[in-house]
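Here's the structure, in structure tokens; my notes come after.
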Number of protein chains: 2
Amino acid sequence: MTSILHRVVIEASPEKVYSALTEQDSLSAWWTRAKTEAKVDSHVSLFFGAGGEHEVKMKITDLVPNERICWKCIEGPWVNTKAFEFIIQPHERGSDLQFSNLGWSETGEFFMHCNSKWGFFLTVSLKNLLETGKGQPHPNEPNI
Amino acid sequence: MTSILHRVVIEASPEKVYSALTEQDSLSAWWTRAKTEAKVDSHVSLFFGAGGEHEVKMKITDLVPNERICWKCIEGPWVNTKAFEFIIQPHERGSDLQFSNLGWSETGEFFMHCNSKWGFFLTVSLKNLLETGKGQPHPNEPNI
């Protein structure tokens with residue numbers, strides 16, 4: 001078992017980082033078009049593909065405002081992985097965001113690809129959205 | 001033991017990707033100021049910090065032109081990790097680049113930070129250097 005693990009310092013308050021990870025308009029502005037109600041046991045639907053034709057569904061398993069967001073993928077390519085978790089902590093420059101997607105059983109090409117994509121979405125798209133107002137969501141991310 | 005693992009498709013030939021990973025001017029244009037001769041048993045010196053005051057030294061342990069580059073960190077924060085390896089394969093869009101830094105004994109904040117930084121340097125800086133002619137090397141990468 002292995003995990004995708006990232007850490008990014010963002011010059012924005014924990015409240016703003018939490019909003020960007022829970023509200024559908026913000027998720028759509030850094031990751032991909034999203035539909036969600038931001039309630040535990042509710043879902044986050046994410047639409048991938050040039051026309052948004054591939055739906056991925058996360059179940060929201062835990063929400064601690066401004067501190068923690070936890071999902072489990074229930075439809076899509078990550079159903080065989082374990083939790084997706086975002087931990088937000090105050091940092092002298094704003095917020096320290098730690099991301100994990102636990103429970104990958106292999107570290108082949110798809111794991112490597114997803115790890116690199118998360119690197120882009122967190123270090124560039126989410127960070128820029130919060131610091132400059134402009135993210136670079138799917139399908140406009142680098143075609144890696 | 002765990003590893004940093006990335007995979008990026010780059011619209012450039014394996015020859016050009018290999019050059020960007022072995023020549024000091026190219027390394028300096030996507031990663032950080034570098035000095036190297038690109039010979040096995042020789043070194044790659046990399047200069048980090050706002051003024052390049054932190055030198056990191058890699059020993060070049062293997063070079064297979066246009067296919068494989070292998071380093072071992074001998075000075076700097078990664079001396080306790082195992083090999084750094086770049087594998088380049090032809091891909092229908094150019095090259096498939098797989099990167100690994102093996103042998104991390106822990107997955108704490110420094111591991112997460114380095115994984116995220118590699119994500120940026122490979123998906124954005126190296127890819128853009130090869131596809132558009134302009135990378136975003138240290139110290140101008142995102143301040144994560």
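The values are calculated or read from the model by the stated rules, or taken from the named source; none is laboratory data. Here the structure is a predicted model, which means the values were calculated and not measured. Here the Cβ positions follow ideal geometry from the backbone for every residue, glycine too, while neighbour counts run over all protein chains shown. Surface areas here come from the heavy atoms of the whole protein model, side chains and all, with no ligands, DNA or RNA. Shrake-Rupley method; radii C 1.70, N 1.55, O 1.52, S 1.80 Å.
Here A:Phe86, A:Phe110 are screened, and the one residue that is open to solvent by less than 20 Å² (accessible area, probe 1.4 Å) and within 14 Å of another protein chain (Cβ to nearest Cβ) is A:Phe86. Considering the range A:62-73, the residues that are among the hydrophobic types (A, V, I, L, M, F, W, C) and out of contact with any Cys (no Cβ under 8 Å at 6 or more places or on another chain) include one that is most open to solvent (accessible area, probe 1.4 Å), namely A:Val64. Per this entry, B:Ser3 is counted among residues that are within 30 Å of A:Trp104 (Cα to Cα), of a type outside the set (A, V, I, L, M) and either within 15 Å of the chain's Cα centre (by Cα) or part of a loop (DSSP other than H, G, I, E, B) (or both).
From the list A:Glu11, A:Glu53, the lone residue that is within 14 Å of chain B (Cβ to nearest Cβ), open to solvent by 10 Å² or more (accessible area, probe 1.4 Å) and not β-branched (Val, Ile, Thr) is A:Glu11.
The set of residues in the range B:1-36 that are within 17 Å of B:Glu75 (Cβ to Cβ) and at pLDDT below 95 is empty.
Considering (1) assigned to a helix (DSSP H, G or I); (2) without any contact (Cβ under 8 Å) to a residue 24 or more places away in the chain, the lone condition that B:Pro142 does not fulfil carries the number (1).
Of all the numbered requirements in (1) assigned to a helix (DSSP H, G or I); (2) within 21 Å of A:Ala34 (Cα to Cα), A:Met112 misses one, and that requirement is (2). Do we have B:Asp96 as surrounded by 19 or more Cβ atoms within 10 Å (Cβ to Cβ), charged (D, E, K, R) and either touching a strand residue (DSSP E or B) at 6+ places or on another chain (Cβ under 9 Å) or over 21 Å from A:Met112 (Cα atoms) (or both) here? The answer is yes for B:Asp96.
Restricting attention to the range A:87-95, does a residue exist that is of a type in the set (Asp, Glu) and part of a loop (DSSP other than H, G, I, E, B)?
yes
Assess whether B:Leu46 counts as being open to solvent by 50 Å² or more (accessible area, probe 1.4 Å) and out of contact with any helix residue (DSSP H, G or I) (no Cβ under 7 Å at 6 or more places or on another chain). No; evaluated as a whole, the condition is false for this residue. Inspect all residues belonging to the range A:19-27 and state whether any of them is crowded, with 18+ Cβ neighbours inside 10 Å and farther than 27 Å from A:Pro90 by Cβ. No: the range A:19-27 contains no residue that is crowded, with 18+ Cβ neighbours inside 10 Å and farther than 27 Å from A:Pro90 by Cβ.
Within the range A:120-135, residues that are more than 10 Å from every other protein chain (Cβ to nearest Cβ) have Cβ atoms under 8 Å from residues that are open to solvent by 20 Å² or more (accessible area, probe 1.4 Å) and hydrophobic (A, V, I, L, M, F, W, C) in these pairs: A:Leu129/A:Ala29; A:Gly135/A:Ala29; A:Gly135/A:Leu129, counting only partners at least 6 apart in sequence or on another chain. Residue pairs whose Cβ atoms lie under 7 Å apart, separated by 6 or more positions or on different chains, with the first residue in the range A:26-54 and more than 18 Å from A:Glu85 (Cα to Cα) and the second outside any loop (DSSP other than H, G, I, E, B) and hydroxyl-bearing (Ser, Thr, Tyr), are A:Lys35/A:Ser45.
Put simply, of A:Lys127, A:Lys59 the only residue that is of a type in the set (D, E, K, R) and either open to solvent by 40 Å² or more (accessible area, probe 1.4 Å) or at pLDDT below 95 (or both) is A:Lys59.
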